[in-house]
Amino acid sequence: MRYESYKPSGVAWLGEIPEHWEVKPLRSVLQARNEKNDPIKTNQILSLSIAKGVTLYSDKGRGGNKSKSDLTAYKLAYPDDIVMNSMNVIVGAVGLSKYFGAISPVYYALHVRSQSQNIHFYDKIFSNRYFQSYLSIFGKGILIKESSSGKLNTIRMKISMDDLKKVPFPLPPLEEQESIVRYLSFYEHKINKAIHVKKKLIATLSEQKQAIIAHAVTKGVDLHVKMKESGISWLGEIPEHWEMKKLKQVVQNKTTKKVNSNFKIGLENIESKTSKFIESKEVVFSEAGIEFKSGDILFGKLRPYLAKVYLAEQEGICVSEFLVLRCCEIINLYVKYLILSSQFIDIVNSSTYGSKMPRANWGFIGNIIIPIPPLEEQKAIVDFIEQETAAIDKAIELSKKEIELLEEYKTRLIADVVTGAVDVREEAQNLPQIEEDSTAFESEAYEAEEEEISDE
């Protein structure tokens, strides 16, 4: 339902707004908090990520940016402050804080100037992708930096506080801000719950697929075959007639460098744990790439827990964060599934070095002992895996597409409501209040490629 009358806002991302709404620069409704942690008021450091918003640094479950030893270099943020990374707000590094803590000097903390404004209303605006894209016009400077996926052409644009203060914002009456917050909280909860269910389904299906692959590549497909103890903890028992060799005895690590190719692959081109190739814009190389041939296997040695494995279907070059593996007297598809198995990935991941960007190396990987079935069995294992997992792959892809549609619907809904394109006042009065914590749903395993935000 629309409002009775509208007027031009004069702002591209807002379009027309309800006649009685105002448009004000950010400085009229939000104020930057520039309180320093000097002298030290808190030792609790706050972190910020695109997927999880503002969290406690102590809660980070894996490698990331190290906190600075000098806590007086930090600024302070309070509960109900909007915290954003000035370098990455345009890609979603923004969130409403629930905590009092210290934040990086490159972060901004904003709070409402008066009780006549609802901070949750402005949080809905900042968290909307359309508004974030609009902010890019204020970005200055380009920084080429390696992302968590290994991509070397991440563009990061800093937005100065002086420019941010000028950004135009819609200003509905307070009671409408509260209606909008109630409405969006209710429907975001419903959408997030549906997304959560689909993510849980994907996680379950992925576990089923992993179980099929792991059993097939280590036990074979003959249920009646005689087994023997391998003496290798991650393998356990294997068929009695299988051999065991170091990976480097049957796979060569190719390191030939090449400057250019019509086909380039970066880590971002390979989907985690599925071996699926993802089309993207031209990959930017900071150095010569590694040459690969059709049939070679690319194995991502950066953050190997992401399990970026790809069987090349044509020749090209890849970034140096891949190992290029060429099979000798062993079927490449069998090797692909073997090194995609959770047991193999866990072994490789246990060897990594570097906290922020953990890497594995060929010296360790090449010495991993693997099972070697006869060639005919390797073919049978590959056929079995592909037949048994085909339906699972389809179900996973369908769920992912449904999640994309739900996310897009949520983005569009928020944009329409906070700009006044939809009048939600009457409906909001009859909606129940959503508890704050009930909108938070745990992250799922397949989201492991979350971009980590640098504090530098």
*Assess whether Val283 counts as being surrounded by fewer than 19 Cβ atoms within 10 Å (Cβ to Cβ) and either in contact with a His (Cβ under 8 Å, 6 or more places away or on another chain) or of a type outside the set (S, T, N, Q) (or both).*
no
*asked:* Of the conditions (1) of a type in the set (S, T, N, Q); (2) under 30 Å from Gly101 (Cα atoms); (3) in contact (Cβ under 8 Å) with a residue 12 or more places away in the chain; (4) in contact with a Ser or Thr (Cβ under 9 Å, 6 or more places away or on another chain), Ser9 satisfies every one except a single condition; which number is it?
replied: (2)
*asked:* Tell me yes or no: at least one residue of the stretch 124-134 is assigned to a helix (DSSP H, G or I), out of contact with any helix residue (DSSP H, G or I) (no Cβ under 8 Å at 6 or more places or on another chain), modelled with pLDDT under 95 and surrounded by fewer than 15 Cβ atoms within 10 Å (Cβ to Cβ).
replied: no
*Can you name the residue in the stretch 88-123 that is part of a helix (DSSP H, G or I) and farther than 26 Å from Thr72 by Cβ and is also nearest to the chain's Cα centre (by Cα) among such residues?*
Val91
*In the stretch 339-374, the residues that are within 20 Å of Ser272 (Cβ to Cβ), under 24 Å from the mean Cα position of the chain (by Cα) and either free of Cβ contacts under 8 Å to residues at least 40 places away in the same chain or part of a helix (DSSP H, G or I) (or both)*: Ile339, Leu340, Ser342, Gln343, Phe344, Ile345, Asp346, Ile347, Val348, Asn349, Ser350, Ser351
*When residues of the stretch 202-229 are filtered for being loosely packed, with under 14 Cβ neighbours inside 10 Å, of a type in the set (A, V, I, L, M, F, W, C) and within 16 Å of Phe344 (Cα to Cα), how many remain?*
1
*Filter the stretch 416-454 for residues that are more than 26 Å from Lys308 (Cβ to Cβ) and modelled with pLDDT under 50; which is surrounded by the fewest Cβ atoms within 10 Å (Cβ to Cβ)?*
Ser438
*Does any residue of the stretch 12-19 turn out to be aliphatic (A, V, I, L, M), under 20 Å from Lys165 (Cβ atoms) and loosely packed, with under 13 Cβ neighbours inside 10 Å?*
yes
*Those residues of the stretch 247-280 which are β-branched (Val, Ile, Thr) and over 27 Å from Glu386 (Cβ atoms), in sequence order*: Thr255, Thr256, Val259
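Rundown of residues vs (1) part of a loop (DSSP other than H, G, I, E, B); (2) crowded, with 17+ Cβ neighbours inside 10 Å; (3) not basic (Lys, Arg), yes/no style:
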residue: Glu376; (1), (2), (3): no, no, yes
residue: Lys400; (1), (2), (3): no, no, no
residue: Tyr409; (1), (2), (3): no, no, yes
residue: Ile414; (1), (2), (3): no, yes, yes
*Find the residue count for the stretch 305-318, including only residues that are assigned to a loop (DSSP other than H, G, I, E, B) and under 20 Å from the mean Cα position of the chain (by Cα).*
2
*Determine whether the stretch 382-389 contains at least one residue that is farther than 19 Å from Ser341 by Cβ and without any contact (Cβ under 8 Å) to a residue 60 or more places away in the chain.*
no
_Just the residues that are part of a helix (DSSP H, G or I) and without any contact (Cβ under 8 Å) to a residue 60 or more places away in the chain, please, taken from the stretch 319-338._
Asn332, Leu333
*Filtering the stretch 286-304 down to residues that are surrounded by fewer than 20 Cβ atoms within 10 Å (Cβ to Cβ) and either assigned to a loop (DSSP other than H, G, I, E, B) or among the hydroxyl-bearing types (Ser, Thr, Tyr) (or both), which residue is modelled with the lowest pLDDT?*
Ser286
*Residue selected from the stretch 34-57 under the condition part of a loop (DSSP other than H, G, I, E, B) and touching a strand residue (DSSP E or B) at 6+ places or on another chain (Cβ under 6 Å), by the criterion surrounded by the most Cβ atoms within 10 Å (Cβ to Cβ)*: Asn37
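The values are calculated or read from the model by the stated rules, or taken from the named source; none is laboratory data. Remember, it's a predicted structure, so these values are computed and weren't measured experimentally. Reconstructed Cβ throughout: ideal geometry from the backbone, glycine too, with neighbour counts over all protein chains shown.
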